[in-house]
Amino acid sequence: MTTPVWDPEQYLRFADERTRPLRDLLARVPEVPHQPAATVLDIGCGPGNSTAVLRERWPEARITGIDNSAQMLATARTTGEPTADYLLADAVTYDPAGAAPDLIVSNATLQWLPGHLGLLPRWAAALAPGGVIAFQVPGNFDSPSHTVLAELRRSPRWRDALGEDATRAGVHRPGDYLRALADAGCTPDVWETTYSTLLTGPDPVLEWVKGTALRPVLTRLTDPAAREAFLAEYGALLREAYPAGPQGTVFPFRRIFAVGTKR
């Protein structure tokens, strides 16, 4: 799978919309041990927008943001949440055991990691007694924003340049996360929500996916002319799939949420 090069500015164009699911997730997180100075890990912290929300909820906590993108961490340290600590590390190989966290949060990260169900037992084992795992992932892989992208990537014009690994790893069904958390010794709370967001401006859905799902494709298309040709073709397909109305473009996106409290 292609390791994407991230663009913090592009990602944060829709910062409010991207952060709302995290706020909804944290609303279901019970009180964690060692209040108020809990130890909190933000795994896949990106540009620090998620870390800032964690600081709002736990102002005195020891918060560490972990991400494998130096570009994202540079933004997190300056304009994201400067009071937190940050660590450049891969979520798959990072071992949280040494931190003995009270809370592990992962906001829209696990969908990039093949085999991520296997991380949950390790994370649960690392938690302090009564600690919590909380994560949310997109559940819209069967939406046009993704299916059109996959079809275009496999088309004769683009399949040699992009290949099958230019997409993200994917997610599991909500029940799979519930069972995985229960098997890891946690009391699970799993649900899903579909948000309907009104996007405005030219090609707003294209601008949205440029910050997330499209990053592996843009990383591989290093030739500017090829990149512009792909964006033009994909943008036209998105305009057909998501027609603009008088007030903007309605963009539904489904999210899967999971909270596990260590028993």
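Odds and ends about this structure:
- Long-range neighbours under 7 Å by Cβ, at least six apart or interchain, first residue among the hydrophobic types (A, V, I, L, M, F, W, C) within the stretch 174-189, second surrounded by fewer than 16 Cβ atoms within 10 Å (Cβ to Cβ): Ala184/Pro121; Cys186/Arg263
- Here Thr64 meets the list (1) in a loop (DSSP other than H, G, I, E, B); (2) modelled with pLDDT of 95 or more almost entirely, failing just condition (1).
- Among the residues making up the stretch 240-263, a single one is assigned to a helix (DSSP H, G or I) and either hydrophobic (A, V, I, L, M, F, W, C) or touching a helix residue (DSSP H, G or I) at 6+ places or on another chain (Cβ under 8 Å) (or both): Ala241.
- Annotation note: Cβ proximity below 6 Å between a residue of the stretch 99-116 that is among the charged types (D, E, K, R) and a residue that is assigned to a loop (DSSP other than H, G, I, E, B) (sequence gap 6+ or interchain) occurs for Asp102/Val32; Asp102/Pro33; Asp102/His34; Asp102/Ala38; Asp102/Ala128; Asp102/Gly131.
- For the stretch 215-237, the candidate set comprises residues that are touching a Phe, Trp or Tyr at 6+ places or on another chain (Cβ under 8 Å) and surrounded by 21 or more Cβ atoms within 10 Å (Cβ to Cβ); within that set, the residue that is modelled with the highest pLDDT is Phe230.
- Test result for Leu127, surrounded by 15 or more Cβ atoms within 10 Å (Cβ to Cβ), farther than 21 Å from Tyr242 by Cα and modelled with pLDDT of 95 or more: yes
- Odd one out for Val137 among (1) modelled with pLDDT of 95 or more; (2) among the aliphatic types (A, V, I, L, M); (3) surrounded by fewer than 17 Cβ atoms within 10 Å (Cβ to Cβ); (4) under 15 Å from Gln111 (Cβ atoms): (3)
- Of the criteria (1) surrounded by fewer than 20 Cβ atoms within 10 Å (Cβ to Cβ); (2) among the acidic types (Asp, Glu); (3) in contact (Cβ under 8 Å) with a residue 24 or more places away in the chain, which one Glu81 fails: (1)
- Test: Trp112 is surrounded by 14 or more Cβ atoms within 10 Å (Cβ to Cβ) and over 22 Å from the mean Cα position of the chain (by Cα): no
- Within the stretch 93-124, the set of residues being farther than 21 Å from Leu178 by Cβ, hydrophobic (A, V, I, L, M, F, W, C) and at pLDDT 95 or above is empty.
- Residues that are farther than 19 Å from His116 by Cα, surrounded by 16 or more Cβ atoms within 10 Å (Cβ to Cβ) and hydroxyl-bearing (Ser, Thr, Tyr) within the stretch 171-209 comprise just one, Thr197.
- Residue in the stretch 151-170 that is surrounded by fewer than 18 Cβ atoms within 10 Å (Cβ to Cβ), on the phi < 0 side of the Ramachandran plot, within 16 Å of the chain's Cα centre (by Cα) and among the aliphatic types (A, V, I, L, M) present: yes
- Annotation note: of Thr212, Thr261, Thr249, the sole residue that is buried (at least 18 other Cβ atoms within 10 Å of the Cβ), closer than 16 Å to Asp7 by Cβ, among the polar types (S, T, N, Q) and under 24 Å from the mean Cα position of the chain (by Cα) is Thr212.
- When Glu207, Glu240, Glu233 are screened for being more than 25 Å from Ala108 (Cα to Cα) and in contact (Cβ under 8 Å) with a residue 12 or more places away in the chain, only Glu233 passes.
The values are calculated or read from the model by the stated rules, or taken from the named source; none is laboratory data. Everything numeric here is computed off the predicted structure, so don't read it as measured data. A quick note on method: Cβ atoms are made from the backbone with ideal geometry, for glycine too, and the neighbour counts reach across all protein chains shown.
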